[in-house]
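Chemist: Have a look at this one.
The values are calculated or read from the model by the stated rules, or taken from the named source; none is laboratory data. Fair warning: this is a prediction, and the values are worked out from it, not measured in the lab. For neighbour counting, all protein chains shown are included, and Cβ atoms are generated from backbone atoms with ideal geometry for every residue, glycine included. In case anyone asks, the SASA skips ligands and DNA or RNA and just uses the protein heavy atoms, side chains included. Shrake-Rupley method; radii C 1.70, N 1.55, O 1.52, S 1.80 Å.
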Amino acid sequence: VGGVYTVRFKGHFKMECRTTNLDGQKIKELKNCGSECYFWQVNNMFAFCPSLVVTASDTLQAVNDSGKQQQMFYNCDSLVKLPKIPTYNTTNLYQFVFSCDLFDDDLGYMDLRLCTNFQEFAVGTNWSTENYGKTLMGWLRWDSTTHAPQVGWDLKPNQNFHGGNSTLITGSEAALARDYLINNLNWTITDG
């Protein structure tokens, strides 16, 4: 039956919109994540949901043992912000917000010390200078007094990371954090 429906989930489940029959176009909004809904796997969770808008301010409850969050928001053209996502065991963020033209959120809260795949993370996005900078500084737990990451907070070296069309202000703390990733951790960073 046609129409617009609000769907509520309770319990543990897996959701994947990455299909060839365009089911992702039917998902329009994530209003809240809820405390009684646990996603077992978040790979490709909202991939190919071009109309998805997130208005949720709570945290996505995930019990994902694999650590993979690849292509979680792949090709979500209307996506501006994300729900809070637990990332303490995340190892794979391949194409995480790939081709999300409007995406502009501060993801600095994410704990990505175990992540070993940032490839094509934000290809095609237009992150603002402010949120891109906050994200890089947050991932490092950057200390603006010492101009270095928090002692003992170590991201994996030798990563390939794509920051979309984002730019940073030369000499800013965010640019220093980016330089640290490149010069001290041997990251290859592609951005605007």
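Chemist: Residues in the stretch 104-151 that are outside any loop (DSSP other than H, G, I, E, B), under 15 Å from residue 84 (Cβ atoms) and of a type in the set (Gly, Ala, Ser): how many?
Modeler: Total meeting the criteria: 1.
Chemist: Please count how many residues of the stretch 154-192 are touching a helix residue (DSSP H, G or I) at 6+ places or on another chain (Cβ under 8 Å), open to solvent by 60 Å² or more (accessible area, probe 1.4 Å) and in a loop (DSSP other than H, G, I, E, B).
Modeler: Matching residues across the stretch 154-192 total 2.
Chemist: Restricting to the stretch 109-124, name every residue that is more than 18 Å from residue 186 (Cβ to Cβ) and either in contact with a helix residue (DSSP H, G or I) (Cβ under 9 Å, 6 or more places away or on another chain) or open to solvent by 60 Å² or more (accessible area, probe 1.4 Å) (or both). Give the steps one after another, and end with the answer.
Modeler: Within the stretch 109-124, the first condition is being more than 18 Å from residue 186 (Cβ to Cβ), and the residues that meet it are 109-111, 120, 122-124.
Once the filter is applied, which keeps residues that are more than 18 Å from residue 186 (Cβ to Cβ) and either in contact with a helix residue (DSSP H, G or I) (Cβ under 9 Å, 6 or more places away or on another chain) or open to solvent by 60 Å² or more (accessible area, probe 1.4 Å) (or both), the stretch 109-124 yields 109, 110, 111, 120, 122.
Chemist: While we're on this one: Can you name the condition, by its number, that residue 4 falls short on among (1) buried (at least 21 other Cβ atoms within 10 Å of the Cβ); (2) on the phi < 0 side of the Ramachandran plot; (3) modelled with pLDDT of 65 or more?
Modeler: So residue 4 meets the others, but not (1).
Chemist: Working only within the stretch 128-153, note down all residues that are in contact (Cβ under 8 Å) with a residue 12 or more places away in the chain, open to solvent by 10 Å² or more (accessible area, probe 1.4 Å) and of a type in the set (A, V, I, L, M, F, W, C).
Modeler: 137, 142, 148, 153
Chemist: In this structure, is residue 56 open to solvent by less than 30 Å² (accessible area, probe 1.4 Å), of a type in the set (A, V, I, L, M, F, W, C) and modelled with pLDDT of 65 or more? If you could, list the steps in order and put the result at the bottom.
Modeler: Values: open to solvent by less than 30 Å² (accessible area, probe 1.4 Å): yes; of a type in the set (A, V, I, L, M, F, W, C): yes; modelled with pLDDT of 65 or more: yes.
When the stated conditions are applied, residue 56 passes them.
Chemist: How many of the residues in the stretch 144-153 are of a type outside the set (Gly, Ala, Ser) and out of contact with any helix residue (DSSP H, G or I) (no Cβ under 9 Å at 6 or more places or on another chain)?
Modeler: Total meeting the criteria: 3.
Chemist: Name the residues in the stretch 65-83 that are surrounded by fewer than 20 Cβ atoms within 10 Å (Cβ to Cβ) and either at pLDDT 75 or above or not in a strand (DSSP E or B) (or both), would you?
Modeler: Going through the stretch 65-83, the residues surrounded by fewer than 20 Cβ atoms within 10 Å (Cβ to Cβ) turn out to be 65-68, 77-78, 80-81, 83.
Hits for the stretch 65-83 are 65, 66, 67, 77, 78, 80, 81, 83.
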